[in-house]
Amino acid sequence: MQHFNQIIHAWYRHNKRDLPWRQTTDPYKIWLSEIILQQTRIEQGTSYFVRFAETFPTIKHLANASEEEVLKLWQGLGYYTRARNLHATAKKISTEMNGLFPNTYEDIKKLRGIGDYTAAAIASIAFGLPHAAVDGNVYRVLSRYFGIQAPIDSASGKKEFKQLAQELISEMPPHIHNQAMMEFGALQCVPAPDCPACPLNGSCYALTKNMVAQLPVKQNKPKVRNRYFNYLVLLTNESTYLSRRTQKDIWLGLYEFPLIETSSRSDVCHIVESDEFRNFVNPEHVILGDISNWETHPLSHQRIHYRFIKFAVGKESGISETLIRTNKKDIFNFAVPRLIETFINDNIWE
DNA sequence: TAACCGTGGCT
DNA sequence: TAGCCAAGGTT
C-alpha cells in the first residue's frame, strides 16, 4: 500500500493538470467545481466553472441571483437539479448560516446536492480534512490495482471501496491524495488503459490476472424508455410561444415549445385533432407549416424521439394563457434543453 | 434497492 | 454503430 501511494503521488506531481479550481482553497469555489463536475468530464465542465465564478464570485452573489439566471448559465450542462440545489444551498448558507460554508464533513454533507463523495472532496480540498473521496475514477483504480470485485453499484461494494480508500489516505495530505487518485484514474487508469505506460504495471492485480477490461464490476444495467415529443412551434410575424416544465420529470424548470407527447411516432393529423392541441390553440385559426423529420436525443435513461411542427398563428388563434409569448430575439434569454437550443440556433430568427 | 436525472466524447 | 461512462445525488 505504501508502494502504491508513493507511485501515485509521484505520478501526480509530474502529470497533474493546471485547472482553475486548483488555484484556490475558497470553499465556495471548491464546492462550485465539485457540483459542476459531478458525472461530468473536466473538458465539459471547465468553461462553466469559469463563467459561474466570474458571474457569481461569492456565495452571496449566487444567493442573490434568480433561479432563472442560474439555470440559464447552467444550460447545456445537464442534470439540472444540480443547478437548482446549488442555488437553494447558496441561499440557505447566505440567510441561515451567516454566509459561512460549513467546515466539517458532517455539516457539509447535510447540504442539498452534496453526497458522500462531494462532502469528502470539499472537506479535504478546502479544509484539509482526512476524508477519502471515492468517485468513478477511484473505483476503477482501486478495483484494478487491488483486485476488488465487489460491484461498485451495490451498497456493500461502496462500503468496501470507501474503507480501503480511507485506509490509503493516511499516508498523504488528504487534498493531494484525493486529487492524485482521481487524476490518475482520469488520465492513466482510464476504461481502456495504456498499461505498458503505467507506473504501477509491475504490481497491478488486474493486469497480472488479465482482468483489466472486467474491472470495475457493475451489476445494474439501466433500462432506457422511449418517448415521443411533438413540439409545436407557433409563429406570428415576430414572436413565438414557450412553456415551462414544472412536472417532476426531465428538464424540470427549463423552457421548451408547447409539447404534445405521444406513445409512438404518430401522424400529424392525430396531433392536430387531439384535445391537448385544442388546449394550446384554436385549430380552425392556425395554418400548418413545415414539419421536421423525427430525430432522437438519447438521455441516460430515456431515448427522446422528437420533431418540430410549425404553425402560423394570428391574434384570433386562441393561444392558451399558460403559454409564454416571447419575441424571437428574447428567446435566447430562456434556459432550454439542448435539443431546443439546437433547433433555435438552426432556424434563423430575424 | 432500483429508478431516475443530461450531455458529450470515445471506441 | 451502439454502448460505455464521466470529480454522483435523490427518492
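Some points to look at:
- Residue in the range A:211-246 that is farthest from DNA strand C (Cβ to nearest atom), counting only those that are open to solvent by 30 Å² or more (accessible area, probe 1.4 Å) and in a strand (DSSP E or B): A:Leu235
This table checks each residue for (1) in contact (Cβ under 8 Å) with a residue 12 or more places away in the chain; (2) within 20 Å of the chain's Cα centre (by Cα); (3) in the same structural domain as A:Ser263 (by TED's automatic domain parsing).
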residue	(1), (2), (3)
A:Cys189	yes, no, no
A:Pro193	yes, no, no
A:Ala197	no, no, no
A:Leu232	yes, no, yes
A:Arg244	yes, yes, yes
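- The range A:120-160: number of residues that are surrounded by fewer than 24 Cβ atoms within 10 Å (Cβ to Cβ), away from DNA strand B (no atom under 14 Å from the Cβ) and of a type in the set (Gly, Ala, Ser): 3
- Of all residue pairs spaced 6 or more apart or on separate chains, those with beta-carbon atoms under 9 Å, a first member in the range A:83-105 that is free of Cβ contacts under 8 Å to residues at least 40 places away in the same chain and under 11 Å from A:Glu67 (Cα atoms) and a second member that is among the small types (Gly, Ala, Ser) and surrounded by fewer than 16 Cβ atoms within 10 Å (Cβ to Cβ) are A:His87/A:Ser66.
- Out of A:Glu273, A:Glu316, sole residue that is modelled with pLDDT of 95 or more, open to solvent by 50 Å² or more (accessible area, probe 1.4 Å) and either within 16 Å of DNA strand B (Cβ to nearest atom) or among the acidic types (Asp, Glu) (or both): A:Glu273
- Note on the range A:295-340: residues that are in contact (Cβ under 8 Å) with a residue 40 or more places away in the chain and within 30 Å of A:Lys221 (Cα to Cα) total 17.
- So A:Arg307, is it closer than 21 Å to A:Thr81 by Cα, among the basic types (Lys, Arg) and either surrounded by 15 or more Cβ atoms within 10 Å (Cβ to Cβ) or modelled with pLDDT of 95 or more (or both): no
- For the range A:1-52, the tally of residues that are among the β-branched types (Val, Ile, Thr), in a helix (DSSP H, G or I) and within 16 Å of DNA strand B (Cβ to nearest atom) stands at 4.
- Scanning the range A:64-87 for residues that are out of contact with any Leu (no Cβ under 6 Å at 6 or more places or on another chain) and within 14 Å of DNA strand C (Cβ to nearest atom) yields A:Trp74, A:Gly76, A:Leu77, A:Gly78, A:Tyr79, A:Tyr80, A:Thr81, A:Arg82, A:Arg84, A:Asn85, A:Leu86, A:His87.
- Among the criteria (1) open to solvent by 70 Å² or more (accessible area, probe 1.4 Å); (2) in contact (Cβ under 8 Å) with a residue 60 or more places away in the chain; (3) away from DNA strand B (no atom under 16 Å from the Cβ); (4) outside any loop (DSSP other than H, G, I, E, B), the one A:Glu69 does not fulfil is (2).
- Filtered by the rule that a residue be away from DNA strand B (no atom under 16 Å from the Cβ) and farther than 15 Å from A:Ile30 by Cα, the range A:96-119 gives A:Glu96, A:Met97, A:Asn98, A:Gly99, A:Glu106, A:Asp107, A:Lys110.
- Residue within the range A:247-262 that is open to solvent by 90 Å² or more (accessible area, probe 1.4 Å) and assigned to a loop (DSSP other than H, G, I, E, B) present: yes
- Selection status of A:Leu232, at pLDDT 95 or above, in contact with a helix residue (DSSP H, G or I) (Cβ under 7 Å, 6 or more places away or on another chain) and near DNA strand B (Cβ under 8 Å from one of its atoms): no
The values are calculated or read from the model by the stated rules, or taken from the named source; none is laboratory data. Everything numeric here is computed off the predicted structure, so don't read it as measured data. Heads up, the Cβs are rebuilt from the backbone with ideal geometry, glycines too, and the neighbour counts pull from every protein chain shown. These accessible areas exclude ligands, DNA and RNA; they are computed on the full protein's heavy atoms, side chains included. Shrake-Rupley method; radii C 1.70, N 1.55, O 1.52, S 1.80 Å.
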